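Some notes on the structure that comes next.
The values are calculated or read from the model by the stated rules, or taken from the named source; none is laboratory data. Quantities reported herein were computed from a predicted structural model and do not represent experimental measurements. When we count neighbours, we look across all protein chains shown, and the Cβ atoms used for this are built from the backbone with ideal geometry, even at glycine.
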Amino acid sequence: MTTPETAQVELDDEPVTATRDELAPLYRQMLAIRRLEEASAKAYSQGKIGGFLHLIIGQEAVCVGAVAALEPKDYVVATYREHGHAYAKGVTARAIMAELYGKKTGLVKGLGGSMHLFSREHNFLGGYGIVGGHVPIAAGAAFASKYRADGRVTLCFFGEGASTIGGFAEGIALAALWKVPVVFICENNQYSMGTPLYRSLAVEDVSMRALAHGMARDRFDGNDPVKVKRRIAEAVARARETQEPTLVEIVTYRFRGHSMSDPGLYRTKEEVEEWKRRDPLNRARAKLVELGMPEPEIVAMEDDVKAEIEDAVKFAETSPPADEYKQYVVKE
Amino acid sequence: MTTPETAQVELDDEPVTATRDELAPLYRQMLAIRRLEEASAKAYSQGKIGGFLHLIIGQEAVCVGAVAALEPKDYVVATYREHGHAYAKGVTARAIMAELYGKKTGLVKGLGGSMHLFSREHNFLGGYGIVGGHVPIAAGAAFASKYRADGRVTLCFFGEGASTIGGFAEGIALAALWKVPVVFICENNQYSMGTPLYRSLAVEDVSMRALAHGMARDRFDGNDPVKVKRRIAEAVARARETQEPTLVEIVTYRFRGHSMSDPGLYRTKEEVEEWKRRDPLNRARAKLVELGMPEPEIVAMEDDVKAEIEDAVKFAETSPPADEYKQYVVKE
Amino acid sequence: MPVISYREALNQAMREEMERDPDVFIMGEEVGHYNGAYKVTQGLLHRFSERRVIDAPIAEMGFAGIGVGAAMVGLRPIIEFMTFNFSLVAIDQIVNNAAKIYQMSAGQYWIPIVFRGPGGPAVQVGSQHSQSLESFYAHVPGLKVVMPSTAYDAKGLLKTAIRDDNPVVFIEGETLYNTTWEVPSEEYLIELGRADVKRAGQHVTLVAWSKMVWTCLDAAKSLAEQGIEAEVVDVRSLRPLDAATICDSVKKTGRCVIVEVGWPVAGYGAEIAHQVQKACLDYLDAPIERVTSEDVPMPYAKNLEDEVQPQAADVVAAVKRALYLE
Amino acid sequence: MPVISYREALNQAMREEMERDPDVFIMGEEVGHYNGAYKVTQGLLHRFSERRVIDAPIAEMGFAGIGVGAAMVGLRPIIEFMTFNFSLVAIDQIVNNAAKIYQMSAGQYWIPIVFRGPGGPAVQVGSQHSQSLESFYAHVPGLKVVMPSTAYDAKGLLKTAIRDDNPVVFIEGETLYNTTWEVPSEEYLIELGRADVKRAGQHVTLVAWSKMVWTCLDAAKSLAEQGIEAEVVDVRSLRPLDAATICDSVKKTGRCVIVEVGWPVAGYGAEIAHQVQKACLDYLDAPIERVTSEDVPMPYAKNLEDEVQPQAADVVAAVKRALYLE
Ligand SMILES: Cc1ncc(C[n+]2csc(CCOP(=O)(O)OP(=O)(O)O)c2C)c(N)n1
Ligand SMILES: Cc1ncc(C[n+]2csc(CCOP(=O)(O)OP(=O)(O)O)c2C)c(N)n1
Ligand SMILES: [Mg+2]
Ligand SMILES: [Mg+2]
């Protein structure tokens, strides 16, 4: 947890020491999410997926590391850029891909699509499309956990662009006032659509929003899933033990455009390349080798991921179309 | 201007040194507002004024001192508790009282009433009834001043209860990002209707909201109009010279209930008495005596105020009823 | 049968449902220690403690959203808006989250929540505080919208709304809190989506909800003195709407006057007018009349406010137009 | 005459008005450096600089309110909502401030502002991004509501809206940006509050606005093949509404079908239906028909989305009901 002054972020520091057994599964998840996103991008360009498609490529270490700090009973609330969060929480690639295809077998039967994944089985409270609108919802789930003393913690993910909107301000203010077990995680990927930080924030440190509420805060680089897991674990422990919320800002970067329709012309090649150098997947893989994981084992894991995603695509391709839109309007 | 740490407020410190010529007119204004409010309370209890009536009795030093730091061209935006602000900006007691009576001669012809006073002649941009909703409007007036480089400054008044709502959060965030000449003045009268600070704020220092935006801030006791004038003058100068906004929190207290319908049972007699001891009018009067203003002169001024308000009441009583409600819906 | 106020009826409904179900809680501004800005939650904090009666800061978007999140995971929140005028800063939570999560999640999550509070003009509170926003909420699939006119209906409908698994927008009449009605001491529920004929008559059908039902009953009285028997249908539930009861009446009377306190353009009454002409065109002996407020923001002065709002005399005049008596 | 796109027409309108009046500026998310999420503001930053083309953070309530404040003191803001779905977090500024300040101040302050952006469903963007909220805004006195269907109307109406001294809610068709139409190179304005007959016909009157005008023209084509000549009235301006043009047509045809892409209950079409039955009851040979989306939040899957939204075939079917051909 950082001090009240603007917290500096070390971008290229060494990955925190981890055991191979701790890192390997995180690497596998990140890789699966990367491949899932790549496959959906391909299907989108083939016209098999429609609407808005927001890829999280480059940011995988954040959702993977953060969710790894949770128990299954804990809740996750996310934005429209949530495929990775859903997968990290346990949703299958099949259910996600079939949803993107708008199929009956999709996670939400073709009703929600890319931006609105929900999974009750995994306590994944959904992906939301109105910026900031989901922040109070996360505070509400945490409010319910405190009301029932069920020991659950809620993670709420959002982008730095959401930190200016009223829903975010009110959500964190009430969470701080009523002390509910929630961790607000700002995925600061440095752009809100085409807008860089300096054009959207007077102070380029979102975690400082916590100061006026006496809320604990943290801020760090998000390219190492183990580091993310450890730091989020601190906040999760605080929430579980003291019911106190935390505002965590994790600095990351999206390699692709805001959505498939955005060529991302507002960034220089150099800047993007610079960040790709920090690709969390490459760093994690190198670390695994360094930790003595035999190349063949790594490759086997990678092949396994490849197969998993290919299967998910085939499943989506061959599933029947969505066929129901009236059943879930009014609950009897 | 205070440091980033929670700013302590000295409640009973000595009134700042002022000359009699500086204090006398401020005392007169405060007294006129006090009498105006008392007269409207009387008329309300006689059923001559209807709707909601929010009195500012006890808080007079804030609007009087703050507006005294302005030039006539500067703008003021206020809440539903704005009779004093309008008067301080130059609106006559007659126009205000006639409006409360719902008369044709009222400031806004009986259309707005107590909560919605507006005066273009005095650059009084109005009283607003939706908590927080007027904060972006104030930022907008200041935006226009910067756009046109007209050298005007906007003062935006609001209660501490407004500091949690989204409109306030977005308004100050945009003002800080775009650096517009506005001074946000939180009149912290320690209650939001029946809710004391500790039940509405996680941190009982509204000025800390400025930290996350790199905005200048100030915080002090509001029972001395000269002190208020001096401190607000600093913020106004900052706005005029550098276009930078400031968030100022002024600690004060309302002697009456939230509105005429509120008996204020949520406060102890002792607490109210304690604050009445600090009555800004008594303190100012004592100071005037101390500054050598002869008692007869003070009494003459007080009689003059009495006459002004009595005239305003008579004017309101004898004015014709409002008669027009269709003219100002669509501008041709 | 005991006669109690509309306010007391609402209070009883919440009290009984909170006794019955520990997952029901109420949250809003001044609902606890202050016992409610309009005293509708009187005594609930004392009875149920701060855990279940929560005073919220001024952050409608925030606490409406907290209600939605809590409802998602199984609680049954009652969110009080001090008045529905303030629901405009929270409407995104109601329209985009409360109303859509059941659909977006393909039925995995549902939102058993009640958004309640007074709506419609009070007296001389000015244009920002004098709005009737029911047509906004009635427009949105996924919501239910209820507006009771009597203490009896208020209690039975609010209890049902609290037990409903869908988000219910429950708009109370700001000027009805002191009105009284017979209310049985035994528990009862009133199904949502059922209109109620508050007065029988054969010459004209008056359709209204909330405060305007009383205005229509007043108008019906003076019409009766002139030999005109008006049937007064209290819609009670705007979504779902009980169009059958309205149409049955119109088929009988052949004349229809719809009365609402809100603005005329795209007011909810237009929806009823459409449904009536669609189902009963051949039965209509005259065009459907609507009586509404003037198409202006509400003025403050009492005399102007009365001019702007529908009065019994305006209803009588509309009935006479519908009967070609002018 | 040059044929240009709806997007280009809107761009020209803003460019011309900004050239004409230095008090006109545009503010919104991605309107400047990104040239607009839908490229409607393409090139405006380059031409007018950051002073007059302002990229805003995600704070609709904040920048809508800033627009209102700036308009109060004499500027003429154009506030772009990336889509009108996001106007729900700012609606309080539009309804309680923009629409009421002229009245609250008794005419001392007026609000020359345009709130514009795309509305209505796009393609597969899900329920939170696929809403038609015109009936909300059309309900509110003090606002004007404009929804053009063609490039020609878009340019002429937007120029007039920018010069109007009242707040104008200008909702563009999210799926119309690439549609083209003849647009003169000379300057022209189109008065607000005038409907336009887009196709003449004597058998039935089709009333629509925005995208649905195109759907009605498609339907009219296939109806013509069956010997049914439909008149298509493009409302263009929902507030004020040109009821006369609609009623003149209905008096001629005796049949009326109102088509909107939004939800059925309390949709704006109900208001038109009411006004038509009120003014033309004796001319109606059949009940007024309404064609709307299904009463559900918009599903994501393309096949379901098409089922939910009104198609030309649905209009044709409604016309046949109105002509008792079924
Ligand atoms: C209230 C609202 N305004 C605007 C939008 C359009 N929009 C969608 S995502 C986005 C940018 C969000 O940026 P950020 O919060 O940083 O998240 P990121 O996309 O970078 O993950 C915008 C403006 C929206 N969905 N909701
Ligand atoms: C959005 C909104 N919510 C609720 C209200 C009702 N209300 C009016 S004043 C008030 C209390 C405001 O307290 P504060 O901001 O401290 O100002 P004060 O009245 O103390 O001057 C409330 C809750 C409102 N007007 N607007
Ligand atoms: Mg971002
Ligand atoms: Mg206060």
Discussion item. I'm told residue D:180 meets every condition in (1) at pLDDT 95 or above; (2) farther than 30 Å from residue C:129 by Cβ; (3) within 14 Å of chain A (Cβ to nearest Cβ) except one. Can you identify the failing condition by its number?
Written reply: (3)
Worksheet item: Within the stretch B:314-329, how many residues are closer than 14 Å to residue B:107 by Cα and within 26 Å of the chain's Cα centre (by Cα)?
Response: 2
Discussion item. Take the residues in the stretch B:151-165 that are more than 10 Å from chain C (Cβ to nearest Cβ) and out of contact with any Ser or Thr (no Cβ under 8 Å at 6 or more places or on another chain); name whichever of them is farthest from ligand 4 (Cβ to nearest atom).
Written reply: B:155
Worksheet entry | Pairs, first away from chain C (no Cβ under 14 Å) and touching a residue at least 24 places away in the same chain (Cβ under 8 Å) in the stretch B:238-259, second among the small types (Gly, Ala, Ser) and within 16 Å of ligand 4 (Cβ to nearest atom), C-beta under 6 Å, six or more apart | B:247/B:207; B:249/B:207; B:250/B:222; B:251/B:222; B:252/B:222; B:253/B:58; B:254/B:58; B:255/B:58
Worksheet entry | Odd one out for residue C:179, checked against (1) under 21 Å from residue C:292 (Cα atoms); (2) buried (at least 16 other Cβ atoms within 10 Å of the Cβ); (3) not aromatic (Phe, Trp, Tyr) | (1)
Practice prompt. Give the residues of the stretch C:280-295 that are surrounded by fewer than 21 Cβ atoms within 10 Å (Cβ to Cβ) and either among the polar types (S, T, N, Q) or more than 19 Å from residue D:281 (Cα to Cα) (or both), sorted by residue number.
Written response: C:294, C:295
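Just checking: which of the helices (runs of 4 or more DSSP H) contained wholly in the stretch A:14-125 hold 1 or more residues that are touching a strand residue (DSSP E or B) at 6+ places or on another chain (Cβ under 8 Å)? Spell out the reasoning first.
On the way: elements: A:20-45, A:60-67, A:83-88, A:93-100.
In the stretch A:14-125, A:60-67, A:83-88, A:93-100 are the helices (runs of 4 or more DSSP H) which contain 1 or more residues that are touching a strand residue (DSSP E or B) at 6+ places or on another chain (Cβ under 8 Å).
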Discussion item. So for the stretch C:146-153 (the condition being crowded, with 24+ Cβ neighbours inside 10 Å, of a type outside the set (S, T, N, Q), under 26 Å from residue D:127 (Cβ atoms) and at pLDDT 95 or above), does at least one residue qualify?
Written reply: yes
Worksheet entry | Residues that are within 15 Å of residue A:70 (Cβ to Cβ) and in contact with a Pro (Cβ under 7 Å, 6 or more places away or on another chain), drawn from the stretch A:234-244 | A:239, A:240
Discussion item. Looking only at residues that are in contact (Cβ under 8 Å) with a residue 12 or more places away in the chain and at positive phi in the stretch C:224-262, which one is surrounded by the fewest Cβ atoms within 10 Å (Cβ to Cβ)?
Written reply: C:254
Discussion item. Within the stretch B:207-221, does at least one residue satisfy the condition of being within 16 Å of ligand 4 (Cβ to nearest atom) and away from chain A (no Cβ under 14 Å)?
Written reply: yes
Worksheet, complete the sentence: Going through the stretch B:148-167 in order, the residues found to be assigned to a helix (DSSP H, G or I) and either crowded, with 24+ Cβ neighbours inside 10 Å or within 13 Å of ligand 2 (Cβ to nearest atom) (or both) are B:160, B:161, B:162, B:163, B:164, B:166, B:167
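Is it the case that some residue within the stretch A:4-18 is of a type in the set (Gly, Ala, Ser) and on the phi > 0 side of the Ramachandran plot?
No, there is no match, as no residue in the stretch A:4-18 is of a type in the set (Gly, Ala, Ser) and on the phi > 0 side of the Ramachandran plot.
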Response to the item:
Checked the stretch B:177-198 for anything away from ligand 4 (no atom under 12 Å from the Cβ) and either hydroxyl-bearing (Ser, Thr, Tyr) or touching a strand residue (DSSP E or B) at 6+ places or on another chain (Cβ under 9 Å) (or both); matches are B:178, B:180, B:181, B:182, B:183, B:184, B:185, B:198
Discussion item. Show the residue pairs meeting these rules: Cβ distance below 8 Å; 6+ apart or different chains; first residue within the stretch B:161-190 and more than 16 Å from ligand 3 (Cβ to nearest atom) and aromatic (Phe, Trp, Tyr); second residue in a strand (DSSP E or B) and at pLDDT 95 or above.
Written reply: B:168/B:158; B:178/D:54; B:184/B:156; B:184/B:158; B:184/B:246; B:184/B:247; B:184/B:248
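Restricting the search to the stretch C:63-102, which residues are among the small types (Gly, Ala, Ser) and surrounded by 24 or more Cβ atoms within 10 Å (Cβ to Cβ)? Reasoning before the result, please.
Just the residues of the stretch C:63-102 that are among the small types (Gly, Ala, Ser), to begin with: C:64-65, C:67, C:69-71, C:74, C:87, C:90, C:98-99.
Selection gives C:64, C:65, C:67, C:69, C:70, C:71, C:87, C:90, C:98, C:99.
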Worksheet item: Can you tell which of B:308, B:317 is more than 14 Å from every other protein chain (Cβ to nearest Cβ), outside any loop (DSSP other than H, G, I, E, B) and farther than 17 Å from residue B:33 by Cα?
Response: B:317
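Residues checked against (1) buried (at least 24 other Cβ atoms within 10 Å of the Cβ); (2) in contact with a Ser or Thr (Cβ under 6 Å, 6 or more places away or on another chain); (3) more than 19 Å from residue D:242 (Cα to Cα); (4) touching a residue at least 12 places away in the same chain (Cβ under 8 Å):
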| site | (1), (2), (3), (4) |
| --- | --- |
| D:126 | yes, no, yes, yes |
| D:134 | yes, no, no, yes |
| D:170 | yes, no, no, yes |
| D:186 | no, no, yes, no |
Fill in: Subset of the stretch D:8-61 that is more than 14 Å from chain A (Cβ to nearest Cβ) and part of a loop (DSSP other than H, G, I, E, B) - its residue that is surrounded by the most Cβ atoms within 10 Å (Cβ to Cβ)
D:40
Practice prompt. Kindly provide the set of residues from the stretch B:320-332 that are facing chain C (nearest Cβ under 9 Å) and in a loop (DSSP other than H, G, I, E, B), ordered by number.
Written response: B:322, B:323, B:324, B:325, B:326, B:328, B:329
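Taking the options A:166, A:151, A:140, name whichever one is over 28 Å from residue A:221 (Cβ atoms), within 11 Å of ligand 1 (Cβ to nearest atom), over 16 Å from the mean Cα position of the chain (by Cα) and modelled with pLDDT of 95 or more.
Working: A:151 fails: within 11 Å of ligand 1 (Cβ to nearest atom); A:140 fails: within 11 Å of ligand 1 (Cβ to nearest atom).
From the options A:166, A:151, A:140, the qualifying one is A:166.
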Worksheet item: Given the conditions (1) touching a Lys or Arg at 6+ places or on another chain (Cβ under 7 Å); (2) under 27 Å from residue D:145 (Cβ atoms); (3) not β-branched (Val, Ile, Thr), which single one is not true for residue C:310?
Response: (1)
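Quick check on my filter: what residues within the stretch B:97-144 are of a type in the set (S, T, N, Q) and either more than 8 Å from chain D (Cβ to nearest Cβ) or on the phi > 0 side of the Ramachandran plot (or both)?
Just the residues of the stretch B:97-144 that are of a type in the set (S, T, N, Q), to begin with: B:105, B:114, B:119, B:123.
Selection gives B:105, B:114, B:123.
Let me confirm something: among B:134, B:122, which residue is buried (at least 24 other Cβ atoms within 10 Å of the Cβ) and closer than 28 Å to residue B:230 by Cβ?
Working: B:122 fails: buried (at least 24 other Cβ atoms within 10 Å of the Cβ).
Sole residue among the options that is buried (at least 24 other Cβ atoms within 10 Å of the Cβ) and closer than 28 Å to residue B:230 by Cβ: B:134.
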Worksheet, complete the sentence: Filter the stretch B:168-193 for residues that are more than 8 Å from every other protein chain (Cβ to nearest Cβ), within 16 Å of ligand 2 (Cβ to nearest atom) and in a loop (DSSP other than H, G, I, E, B); the one that is farthest from residue B:85 (Cα to Cα) is B:190
Response to the item:
When residue B:202 is run through (1) within 9 Å of another protein chain (Cβ to nearest Cβ); (2) away from ligand 4 (no atom under 15 Å from the Cβ); (3) outside any loop (DSSP other than H, G, I, E, B); (4) not acidic (Asp, Glu), the failure sits at (3)
